[in-house]
Amino acid sequence: MSSRPVVTRFAPSPTGYLHIGGGRTALFNWLYARGRGGKFLLRIEDTDRERSTPEATAAILQGLRWLGLDWDGEAVSQFAQKDRHAEVAHQMLDRGTAYKCFSTQDEIAAFRAEAEAKGASYAVFQSPWRDADPASHPDAPYVIRMKAPRDGETVIDDQVQGRVVIKNETLDDMIVLRSDGTPTYMLAVVVDDHDMGVTHVIRGDDHLNNAARQQMVYDAMGWAIPVWAHIPLIHGPDGKKLSKRHGATAVGDYHAQGYPAAGMRNYLTRLGWAHGDAEFFTSAQAMEWFDLSGIGRSPARLDFKKLENLCGQHIAITEDAALLHELEAYLAAADRPALTDGQRDLLSRSLYCVKDRAKTFPELLEKAHFALTSRPVVADEASAKALDTVSRGILKSLTPRLQTVSWTKEGLEPILTETAEAHGIGFGKLAAPLRTALAGRSATPSVYDMMLIIGRDETIARLEDAAG
RNA sequence: GGCCCGUUCGUCUAUCGGUUAGGACACCUGGUUUUCAACCAGGUAAGAGGGGUUCGACUCCCCUACGGGCUGCCA
């Protein structure tokens, strides 16, 4: 057994929607914690007051809820902890692991310019106040900088990246508390992760270098260092950093485009992580299997075809009641009209024959069009072609026979096959105009299913409409 | 510029020194079929390049190329 219960967290900045990459990071943290009976916490990193908005926070929470990633307790506001951050900065001062720096930003800029002019390969700012006698401190604004070790190296023992060694001389004495008394991100994350009892930090590898400086803060405070796992970012289909031009980058976009959350979870879990040859799995299985060692080291590209394939499989295994619920949520998210009571009833009775033929919700709804539309059924361009004068005549000859037949597949089958035979055509040639009459679409469930679902009267009425 | 990370079929990946380099999606061919979806049979397709180490490298080391990240009183 592990020595301490697992605590993971997702810590987004509320400066925009929930990015698909962030969604996957959250998913990994969630899977890791949930699969081990641990806790998954949520912290909103809102210390950047200018860019943080409540709307963004709401969008992120909504994205997580849609993905089905439930967090333990309330979401924590990082900004609300600012006094505690300042307290820790002063503790570092007391411990001698931090110092007050009175250098102005102009002085720092000048230092860098000079270093650059001298052709230095890199310019790590070295504050003259690092070892200054407090008696010499002026009465002026100051920042608190960490007194980082200048020799040796810092080793990040990363569960994904391996052993990463950073030379301490390449790291400057980072600011932990700004001149206005507010904490920097570097200090805030460490303090919060420590205070929240985070045991495993699973986050994007854009933070890999930062981990070294953060680890110095842990050391400076004598705190236990968490298990690090820096996961590669997700790229667009062209291998470049994911951006708007690649299409959907927000988790909410996928909701609005009608991808089921279960399919998204499956796809995102599998993107950059593998458990042997497992491709299609439920979240329960993912929780059981997920581990840090299965995470790949290279960035993965988004592949919408594979996403769709998995979504189709998940739609097919979703229970009707749950599926209907998701369908209605999709309609709302996509800003499409809500279902009427009648549509809901017919749709729910149609799910069994449409859910295994659709990869997304809009596709499913399109195939269930026969159940959602009402007379007069308007045929789309493709299906309209199937309705010529000959087929109209055939439909006309068919309707009287439907009046008394037993309304079951067994009853209908002989009628339809006999009709096709009587006109010397294959069943396919009869099914096409039937589809047009019943659904106004050329891609539909079986004609029997449709007839059974909408019933005898509606079937006959639609056929008569089409026969003209 | 400096530092750090990465590179197996088109894509996601398996492999953890010895395999005919496997699977999935996509694609192509054939079959099935009541359209779509699905399904069945088969096929095309990969270790970035160059050096080492080793009896033997996709696996370990070095260099190069390419991609990404960090280098803020942003997070």
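The values are calculated or read from the model by the stated rules, or taken from the named source; none is laboratory data. These numbers come from a predicted model, not from an experiment. Backbone-built Cβ (ideal geometry, glycine too); neighbour counts: all protein chains shown. Only protein heavy atoms, including side chains, enter the accessible area calculation; ligands, DNA and RNA are left aside. Shrake-Rupley method; radii C 1.70, N 1.55, O 1.52, S 1.80 Å.
Pull out all pairs, ordered by first then second residue, where Cβ-Cβ is under 9 Å, the residues are six or more apart or on different chains, the first lies in the stretch A:235-252 and is among the hydroxyl-bearing types (Ser, Thr, Tyr), and the second is open to solvent by 70 Å² or more (accessible area, probe 1.4 Å).
Note: pairs meeting the criteria are A:THR249/A:TYR17.
Being within 12 Å of RNA strand B (Cβ to nearest atom) and outside any helix (DSSP H, G or I), is that true of even one residue in the stretch A:81-99?
No, the conditions are met nowhere in the stretch A:81-99.
Looking at A:ALA386, A:ALA431, A:ALA437, A:ALA379, which is the one that is open to solvent by less than 40 Å² (accessible area, probe 1.4 Å), within 29 Å of A:GLY312 (Cα to Cα) and more than 11 Å from RNA strand B (Cβ to nearest atom)?
On the way: A:ALA386 fails: more than 11 Å from RNA strand B (Cβ to nearest atom); A:ALA431 fails: more than 11 Å from RNA strand B (Cβ to nearest atom); A:ALA379 fails: open to solvent by less than 40 Å² (accessible area, probe 1.4 Å).
Only one candidate passes the filter, namely A:ALA437.
Residues being touching a residue at least 40 places away in the same chain (Cβ under 8 Å), surrounded by 16 or more Cβ atoms within 10 Å (Cβ to Cβ) and not hydrophobic (A, V, I, L, M, F, W, C): count how many of those fall in the stretch A:46-64.
Here the count works out to 4.
Step by step: first the residues of the stretch A:283-302, then only those that are within 16 Å of the chain's Cα centre (by Cα) and more than 9 Å from RNA strand B (Cβ to nearest atom), then the one that is nearest to A:THR318 (Cα to Cα). Which residue is that?
Checking each candidate, the answer is A:SER283.
Given (1) open to solvent by 40 Å² or more (accessible area, probe 1.4 Å); (2) more than 25 Å from A:PRO237 (Cα to Cα); (3) of a type outside the set (A, V, I, L, M, F, W, C), where does A:LYS305 come up short, assuming only one miss?
(2) is the only condition that A:LYS305 fails.
Going by the conditions given, is A:ARG213 charged (D, E, K, R), part of a strand (DSSP E or B) and either modelled with pLDDT of 95 or more or under 35 Å from the mean Cα position of the chain (by Cα) (or both)? Spell out the reasoning first.
Numbers: charged (D, E, K, R): yes; part of a strand (DSSP E or B): no; either modelled with pLDDT of 95 or more or under 35 Å from the mean Cα position of the chain (by Cα) (or both): yes.
No: the conditions fail for A:ARG213.
Hey, A:TYR330 hits all of (1) within 27 Å of A:GLU308 (Cβ to Cβ); (2) part of a loop (DSSP other than H, G, I, E, B); (3) of a type in the set (Phe, Trp, Tyr) but one; which does it fall short on?
(2)
Among the residues of the stretch A:65-84, which ones are in contact (Cβ under 8 Å) with a residue 40 or more places away in the chain and in contact with an Asp or Glu (Cβ under 8 Å, 6 or more places away or on another chain)?
Scanning the stretch A:65-84 gives A:VAL76, A:GLN78, A:GLN81, A:ARG84.
Kindly establish whether A:TRP228 is in contact (Cβ under 8 Å) with a residue 12 or more places away in the chain, open to solvent by 40 Å² or more (accessible area, probe 1.4 Å) and closer than 22 Å to A:GLN161 by Cβ.
Details: in contact (Cβ under 8 Å) with a residue 12 or more places away in the chain: yes; open to solvent by 40 Å² or more (accessible area, probe 1.4 Å): no; closer than 22 Å to A:GLN161 by Cβ: yes.
Judged against the criteria, A:TRP228 is not a match.
Of all residues in the stretch A:181-202 being assigned to a helix (DSSP H, G or I) and open to solvent by 10 Å² or more (accessible area, probe 1.4 Å), which is nearest to RNA strand B (Cβ to nearest atom)? Step through it out loud before you land on a result.
Pass one, the stretch A:181-202, residues assigned to a helix (DSSP H, G or I): A:185-195.
This time we only want the ones that are open to solvent by 10 Å² or more (accessible area, probe 1.4 Å), so: A:185-186, A:194-195.
Working: A:TYR185: 3, A:MET186: 7, A:HIS194: 16, A:ASP195: 16 Å.
Ranking the candidates gives A:TYR185 first.
Restricting attention to the stretch A:402-428, which residues are within 9 Å of RNA strand B (Cβ to nearest atom), among the hydrophobic types (A, V, I, L, M, F, W, C) and either closer than 18 Å to A:VAL354 by Cβ or open to solvent by 10 Å² or more (accessible area, probe 1.4 Å) (or both)?
Within the stretch A:402-428, A:PHE427 is the sole residue that qualifies.
Given the condition part of a loop (DSSP other than H, G, I, E, B), in contact with a Gly (Cβ under 6 Å, 6 or more places away or on another chain) and within 10 Å of RNA strand B (Cβ to nearest atom), answer yes or no: does some residue in the stretch A:265-273 qualify?
Taking the stretch A:265-273 as the starting set, the residues that turn out to be part of a loop (DSSP other than H, G, I, E, B) are A:271-272.
So of that shortlist, the ones also in contact with a Gly (Cβ under 6 Å, 6 or more places away or on another chain) come out as A:272.
Those still in the list that are within 10 Å of RNA strand B (Cβ to nearest atom) too: A:272.
Yes, there is a match, as at least one residue in the stretch A:265-273 is part of a loop (DSSP other than H, G, I, E, B), in contact with a Gly (Cβ under 6 Å, 6 or more places away or on another chain) and within 10 Å of RNA strand B (Cβ to nearest atom).
Please tell me if A:ALA284 is in a helix (DSSP H, G or I) and either under 24 Å from A:ASP206 (Cα atoms) or in contact with a helix residue (DSSP H, G or I) (Cβ under 9 Å, 6 or more places away or on another chain) (or both). Before you say what the answer is, go through the steps one by one.
On the way: in a helix (DSSP H, G or I): yes; either under 24 Å from A:ASP206 (Cα atoms) or in contact with a helix residue (DSSP H, G or I) (Cβ under 9 Å, 6 or more places away or on another chain) (or both): no.
When the stated conditions are applied, A:ALA284 does not pass them.
Taking the stated definitions as given, is A:ASP205 more than 12 Å from RNA strand B (Cβ to nearest atom) and either touching a residue at least 12 places away in the same chain (Cβ under 8 Å) or under 19 Å from A:ARG43 (Cα atoms) (or both)? Break it down stepwise before answering.
Details: more than 12 Å from RNA strand B (Cβ to nearest atom): no; either touching a residue at least 12 places away in the same chain (Cβ under 8 Å) or under 19 Å from A:ARG43 (Cα atoms) (or both): yes.
No, not satisfied.
Hey, A:GLU363 hits all of (1) open to solvent by 20 Å² or more (accessible area, probe 1.4 Å); (2) more than 30 Å from A:GLY263 (Cα to Cα); (3) within 13 Å of RNA strand B (Cβ to nearest atom) but one; which does it fall short on?
With (1) open to solvent by 20 Å² or more (accessible area, probe 1.4 Å); (2) more than 30 Å from A:GLY263 (Cα to Cα); (3) within 13 Å of RNA strand B (Cβ to nearest atom) applied to A:GLU363, the lone miss is (2).
Quick test for you: out of A:ASP277, A:ASP193, A:ASP206, A:ASP238, pick the one residue that is acidic (Asp, Glu) and either modelled with pLDDT of 95 or more or in contact with a Gly (Cβ under 7 Å, 6 or more places away or on another chain) (or both). Let's see the steps before the verdict.
Values: A:ASP277 fails: either modelled with pLDDT of 95 or more or in contact with a Gly (Cβ under 7 Å, 6 or more places away or on another chain) (or both); A:ASP206 fails: either modelled with pLDDT of 95 or more or in contact with a Gly (Cβ under 7 Å, 6 or more places away or on another chain) (or both); A:ASP238 fails: either modelled with pLDDT of 95 or more or in contact with a Gly (Cβ under 7 Å, 6 or more places away or on another chain) (or both).
Exactly one residue qualifies, and that residue is A:ASP193.
Among the numbered criteria (1) under 21 Å from A:MET216 (Cα atoms); (2) open to solvent by less than 70 Å² (accessible area, probe 1.4 Å), which one does A:GLU169 miss?
Evaluating A:GLU169 over (1) under 21 Å from A:MET216 (Cα atoms); (2) open to solvent by less than 70 Å² (accessible area, probe 1.4 Å) leaves (2) as the failure.
In the list A:LEU323, A:LEU307, which residue meets the criterion of being under 15 Å from A:GLN257 (Cα atoms) and either within 16 Å of RNA strand B (Cβ to nearest atom) or not aromatic (Phe, Trp, Tyr) (or both)?
Working: A:LEU323 fails: under 15 Å from A:GLN257 (Cα atoms).
The conditions single out A:LEU307.
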